[in-house]
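The values are calculated or read from the model by the stated rules, or taken from the named source; none is laboratory data. No experiment lies behind these values; they were computed from the predicted model shown. Glycine also receives a Cβ, built like all others from the backbone with ideal geometry; neighbour counts cover every protein chain displayed.
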Amino acid sequence: MIGRLNHVAIAVPDLEAATVTYRDTLGAKVSQRQEEPDHGVTVVFIELPNTKIELLEPLGEGSPIQAFLDRSPAGGIHHVCYEVDDILAARDRLKEQGARVLGDGEPKIGAHGKPVLFLHPKDFNGTLVELEQA
Ligand code: CO
């Protein structure tokens, strides 16, 4: 059911510093900052030949990544995102199999303008999983 790895997201305490690391130390192409108030993050995208990396910094009160950074102040891998052809069919199949879909279970529009859902990390080996409709 899952397809390509769309991106790996890394939560960072300082997006500017992380941008410098990826752009200057690692020599990667880093996008402009993009604020995503609906998701409580500011994000930059790093385009790699085979996938993307997203660097996430908390935006506003109650950002969903703040608790993660409180536990891991230096930052760390926050989630992985897999592509699916049909997000509603994928959701229904996962729920049938007992997986927990976060939030109200309805897809939201993600950072790439496509519908996304998140799956509970306890059902996926301790890793928060995002599904994005390809
Ligand atoms: Co993501």
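Residues in segment 76-98 that are exposed (fewer than 15 other Cβ atoms within 10 Å of the Cβ) and within 25 Å of E57 (Cα to Cα) were compared, and the one that is nearest to the ligand (Cβ to nearest atom) is I77. Cβ-Cβ distances below 8 Å connect the following pairs, each with a first residue in segment 67-96 that is farther than 24 Å from A17 by Cα and without any contact (Cβ under 8 Å) to a residue 60 or more places away in the chain, a second residue that is of a type outside the set (A, V, I, L, M, F, W, C) and not in a strand (DSSP E or B), and a separation of six or more residues or different chains: I87/P107; L88/P107; R91/G105; R91/P107; K95/G105. Are any of the residues in segment 106-121 farther than 16 Å from N6 by Cα, within 16 Å of the ligand (Cβ to nearest atom), modelled with pLDDT under 95 and assigned to a strand (DSSP E or B)? Taking every residue of segment 106-121 in turn, at least one turns out to be farther than 16 Å from N6 by Cα, within 16 Å of the ligand (Cβ to nearest atom), modelled with pLDDT under 95 and assigned to a strand (DSSP E or B).
Summed over segment 80-105, residues that are aromatic (F, W, Y) and in a loop (DSSP other than H, G, I, E, B) total 0. Among the residues of this structure, V101 counts as one that is within 16 Å of the ligand (Cβ to nearest atom) and either more than 15 Å from L5 (Cβ to Cβ) or free of Cβ contacts under 8 Å to residues at least 12 places away in the same chain (or both).
Within the option set G27, G3, being away from the ligand (no atom under 13 Å from the Cβ) and closer than 30 Å to D86 by Cβ holds for one residue only, G3. Please specify each residue of segment 60-74 satisfying the condition of being within 14 Å of the ligand (Cβ to nearest atom) and among the hydrophobic types (A, V, I, L, M, F, W, C). Residues satisfying the conditions are I65, F68. Just a yes or no: is a residue in segment 54-68 over 17 Å from the mean Cα position of the chain (by Cα), on the phi < 0 side of the Ramachandran plot and modelled with pLDDT of 95 or more? Checking segment 54-68: not a single residue is over 17 Å from the mean Cα position of the chain (by Cα), on the phi < 0 side of the Ramachandran plot and modelled with pLDDT of 95 or more. Out of curiosity, is L55 within 12 Å of the ligand (Cβ to nearest atom), over 17 Å from R4 (Cα atoms) and without any contact (Cβ under 8 Å) to a residue 60 or more places away in the chain? Answer is yes for this residue.
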